[in-house]
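The structure appears right after this line, and notes come after that.
The values are calculated or read from the model by the stated rules, or taken from the named source; none is laboratory data. Note that the structure is a prediction, hence the values are computed from the model and not measured. Note that we place each Cβ from the backbone using ideal geometry, even for glycine, and neighbour counts take in every protein chain shown.
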Amino acid sequence: MAAKQSKSGQLALDGGTPVRTAPFPRWPVWDERDEAALLGVLRSGKWGSHAQSGTVAAFAEQFAAFQDARHGVAVTNGTAALEVALRAAGVEPLDEVVLPPYTFVASATAVLSLGAIPVFCDILPDTFLMDAADAERRVTPRTRAILAVHVAGQPADMDAVLGVAKRHGLKVIEDAAQAHGAAWRGRKVGAIGDAGTFSFQSSKNLTAGEGGLVVTDDDALAERAWSIANVGRVRQGAWYQHEGMGSNLRLTELQGALLLSQLERLPEQFERRERSARYLDRELVRVRGLTPQARDERVTGHAHHLYLLRFDSEHFGGKDRAWFLDAMRAEGVPCSAGYTTPLYRMNAVISERRKWAELARAAGREVNCPTSPDEEALPVTERVCGGEGIWLTQNILLGEEKDMADIVEAAAKVQRTASNA
Ligand SMILES: Cc1ncc(COP(=O)(O)O)c(C=O)c1O
């Protein structure tokens, strides 16, 4: 369907009639099934999770299977999952981990929390995902792992990532916090590399308010991850037997119950988002100056936690992204700029990395720590963060075709008006 003319040609931003006023679908989604699941745990009086039985154990097993992985270890959130996965994979202080800077800060701070050093590679201009060739150029003798981030729910190029890892003997961790159900060449993400991590924080495609999970096919890595998340205990050991360093990262049975009932909805919601994204991909090509995230043909499932677009102000009469976002919101389409700060410019990353680098130098060890973010600036990431990236969130894609048509109509109206101004 072509983008149609709105009732009023005038932008809502300038006092015209908005394309829509109806809200998009709310998130999260729940009904009496979730209520019953929560009440069941509440009334059982067993609110803490157990290793072998209960809702958390059942969820960890079911979600791991859903992601084509042999093992799942539930933890408190996606940040903790990253810390656990990196540690269980053997990342140690002053090791380097290569990752993209276009992601949530936790991808980098999880590395730093182990005293390891994040080393940033650029992203690809069409997919916004890790540029594996650039990652390879950043590998040094100190590199221990690659952290591939499936931003927006589209798998990074796992063939290329695994190729780099094989050539240099590196571990591969997948940050799949945004990629529930996503698949690369027919295999769900998470355990394609050595381990993968998920988040169940409130905005995520599967949520219990908070929560996280590590998946892996590696038996020993799974045992280490379980131990780290259980205060250093071992599965067959005594309660007060602590064999290694760990923390209490357990979920509650209430969260486990909610995740189990939410998981039942995920396949239908996944298909709905795929359908809506396909519609937008098809229709938005008519709006000059907006380019949807390209989809690699080897991606057999895209989770669409976000719908990403590249904005080109040249086709909007020189107006910038901030103006476009205001105009779209006024037309009734909530959208945002998403990540506007590359992680190498984030103070949390700069200060923590500097701290470890100073310690390393004091110990006479070489360390990769640029003296300023400008020295480290990566051209594609700079462009996307600085003015090109636009996000629509996953709940919007749960709408009907009419809702998607409104998005296209609003974008076309804004573009037409801006370019004629
Ligand atoms: C890519 C990515 N990694 C890690 C995380 C951290 O997950 P959480 O918020 O559950 O700690 C998030 C979520 O915010 C994320 O989007």
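Tabulated data for the structure shown
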read-out	value
Qualifying residues in the stretch 347-388 (those that are without any contact (Cβ under 8 Å) to a residue 60 or more places away in the chain and within 25 Å of the chain's Cα centre (by Cα)) - the one farthest from Val119 (Cα to Cα)	Gly386
Search result, residues across the stretch 123-157 that are of a type in the set (A, V, I, L, M) and more than 16 Å from the ligand (Cβ to nearest atom)	Leu124, Ala132, Ala133, Ala135, Val139
Any hit, the stretch 109-119, residues being touching a strand residue (DSSP E or B) at 6+ places or on another chain (Cβ under 6 Å), at pLDDT 95 or above and within 12 Å of the ligand (Cβ to nearest atom)	yes
Considering residues of the stretch 92-105 that are crowded, with 24+ Cβ neighbours inside 10 Å and of a type in the set (A, V, I, L, M, F, W, C) only, the residue nearest to the ligand (Cβ to nearest atom)	Leu99
Any hit, the stretch 323-340, residues being hydrophobic (A, V, I, L, M, F, W, C), without any contact (Cβ under 8 Å) to a residue 60 or more places away in the chain and within 24 Å of Gln178 (Cβ to Cβ)	yes
Residue match in the stretch 43-56 (condition: within 16 Å of the ligand (Cβ to nearest atom) and either of a type in the set (A, V, I, L, M) or assigned to a helix (DSSP H, G or I) (or both))	yes
Given (1) free of Cβ contacts under 8 Å to residues at least 40 places away in the same chain; (2) within 16 Å of the ligand (Cβ to nearest atom); (3) not aliphatic (A, V, I, L, M), number of the condition Arg250 does not satisfy	(1)
Residue ID - surrounded by the fewest Cβ atoms within 10 Å (Cβ to Cβ), chosen from residues in the stretch 200-240 that are out of contact with any strand residue (DSSP E or B) (no Cβ under 6 Å at 6 or more places or on another chain) and β-branched (Val, Ile, Thr)	Val234
Residues of the stretch 325-356 classified as touching a strand residue (DSSP E or B) at 6+ places or on another chain (Cβ under 7 Å) and among the small types (Gly, Ala, Ser), total	3
Residue list for the stretch 113-128, filter: assigned to a strand (DSSP E or B) and either under 19 Å from Gly190 (Cα atoms) or in contact with a Phe, Trp or Tyr (Cβ under 7 Å, 6 or more places away or on another chain) (or both)	Ile117, Phe120, Ile123
Selection count, the stretch 361-409, where residues are over 25 Å from Leu290 (Cβ atoms) and of a type outside the set (Lys, Arg)	15
